[in-house]
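Have a look at the structure below, then the notes.
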Amino acid sequence: KFESFSASWNQSVDSKPCLDKINLTIRPKELIALIGKIGSGKSTFLMSFLKEIPTTSGKLSFSGSLAYVEQEPVIFSGSVRDNILFGKEFDEMFYRRVLRACNLDEDLNQFDHGDETIVGERGVTISGGQKARMSLARALYSQSDIYLLDDPLSAVDSRVGKIIFERAIKQMLKDKTVILVTHHLNYAKEADRVIVMKDGGIEAEGKFENLLGMNLDLLQIFSKENEVEQTS
């Protein structure tokens with residue numbers, strides 16, 4: 001819950017808060033699509049949960065554990081399995097379910113040593129899409145209460161993205177609170193609620209179809225992608 005929330009990276013330097021006058025309540029088990037142009041404050045909004053930016057006024061409160069999937073995935077030197085488990089006890093059935101949800105089972109079949117393959121600085125080179133899916137798998141395996149997903153599906157192609165959205169976000173996280181930063185029209189349409197950010201504040205919020213009737217730049221945000229999807 002945000003109440004008149006404002007925050008700034010450095011209050012002594014920044015005259016204008018990077019997040020300003022945000023009033024918002026997010027309900028348990030709600031899937032939120034967070035959209036907006038580059039620099040509108042989407043990633044900063046997620047980082048406010050992590051206490052990465054100092055609060056200048058207002059209040060932010062939440063309960064439960066957090067899982068954060070960053071825009072630039074962090075993969076440490078170790079096996080694929082170690083990167084996903086992240087120190088948690090191995091539950092094979094749940095682990096296999098996570099791999100399938102993130103569409104990683106196909107990739108592991110191509111590795112010489114499967115999920116025991118070493119990745120990271122001293123391991124095999126993996127693609128940006130594989131890093132993003134491993135980071136998402138790590139978050140899923142943590143079985144947290146709140147999921148902050150900073151556009152993880154932008155690193156994969158549309159076919160894989162649809163699989164992950166359906167299996168991971170819509171199915172595995174159906175009983176979790178999820179905030180998904182996205183630039184994909186179809187994912188925003190399927191969210192319980194869409195929040196449109198602009199200049200560090202909330203320009204509008206509501207069901208996707210209701211926002212279409214407002215005088216927003218919403219369609220411009222997605223116009224390029226929508227054009228490509230129609231061509232496909």
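Of the solvent-accessible surface of the chain, computed with a 1.4 Å probe and all protein chains present, 46% belongs to carbon and sulfur. Counting only residues at least eight positions apart within a chain, or on another chain, the lysines with an alpha carbon under 20 Å from that of Lys131 are Lys88, Lys162. So how tilted is helix 218-231 from the main axis of the chain? Cα-based, degrees 0 to 90, rounded to 10. So the helix axis and the longest Cα principal axis differ by about 40 degrees.
A Cβ-based charge dipole, computed about the Cα centre of the chain with Lys and Arg at +1 and Asp and Glu at -1, lands at about 540 debye. Descending by average beta-carbon neighbour count within 10 Å, the peptides 98-104, 78-84 line up as 98-104, 78-84, the highest first.
State the answer as a single residue: which of Gly128, Phe90, Phe49 lies farthest towards the positive end of the charge dipole of the chain, with beta carbon charges of +1 for Lys and Arg and -1 for Asp and Glu, about the Cα centre. Value: Phe49. Using only the alpha-carbon atoms, how far is helix 92-101 inclined from the longest principal axis of the chain? Give it as 0 to 90 degrees, nearest 10. Compared with the principal axis, the helix lies near 60 degrees.
Leaving out ligands, DNA and RNA but keeping every protein chain, what accessible area does Ser63 have, in Å² rounded to the nearest 10, with a 1.4 Å probe? Here the accessible area works out near 100 Å². Residue order by solvent-accessible surface for Arg96, Arg122, Arg138 is Arg122, Arg96, Arg138, largest first, with ligands and nucleic acids left out and a 1.4 Å probe. So what's Rg/Rh here for segment 1-61, counting alpha carbon atoms and using the Kirkwood radius for Rh? Expressed as Rg/Rh, it is 0.96.
Which of Gly39, Gly120, Gly87 moves most in a GNM of the chain, Cα contacts under 10 Å? So, out of Gly39, Gly120, Gly87, the one fluctuating most is Gly87.
Per-residue ellipticity at 222 nm for the chain, helices alone: DSSP H runs ≥ 4 residues times -39500 (n - 2.57), over residue total, nearest 500 deg cm²/dmol?
Details: 9 runs with 75 residues, N = 232.
The helix contribution divided over the chain gives -9000 deg cm²/dmol.
Which of the aspartates and glutamates could be linked to Lys198 by a straight reach, that is with a Cα gap under 15 Å, when you skip same-chain ones fewer than 8 residues away? Within reach: Asp20, Asp217.
Just the number please: accessible area per residue for segment 107-227, 1.4 Å probe, all protein chains included, in Å².
On a per-residue basis, 48 Å².
Think of the chain as a dipole: +1 on every Lys or Arg Cβ, -1 on every Asp or Glu Cβ, centred on the Cα centre; then among Leu19, Val80, Pro152, Leu19 lies furthest on the positive end. Comparing Gln171, Gln110, Gln130 in a Gaussian network model of the chain, where Cα atoms under 10 Å apart are tied by springs, the biggest mean-square fluctuation is seen for Gln110.
Taking the chain as a Gaussian network of alpha-carbon nodes connected by springs under 10 Å, the highest mean-square fluctuation of the residues Pro54, Pro73, Pro152 belongs to Pro54.
Accessible area ranking (1.4 Å probe, heavy atoms, ligands and nucleic acids excluded), largest first, for Ile164, Ile75: Ile75, Ile164. With all protein chains in place and ligands, DNA and RNA left out, the 1.4 Å accessible area ranks Glu203, Glu89, Glu116 as Glu89, Glu116, Glu203, largest first.
The values are calculated or read from the model by the stated rules, or taken from the named source; none is laboratory data. Predicted model only: the values in this text are computed from it and were never measured. Cβ sites come from the backbone with ideal geometry, for glycine too, and all protein chains shown count toward neighbours. In case anyone asks, the SASA skips ligands and DNA or RNA and just uses the protein heavy atoms, side chains included. Shrake-Rupley method; radii C 1.70, N 1.55, O 1.52, S 1.80 Å.
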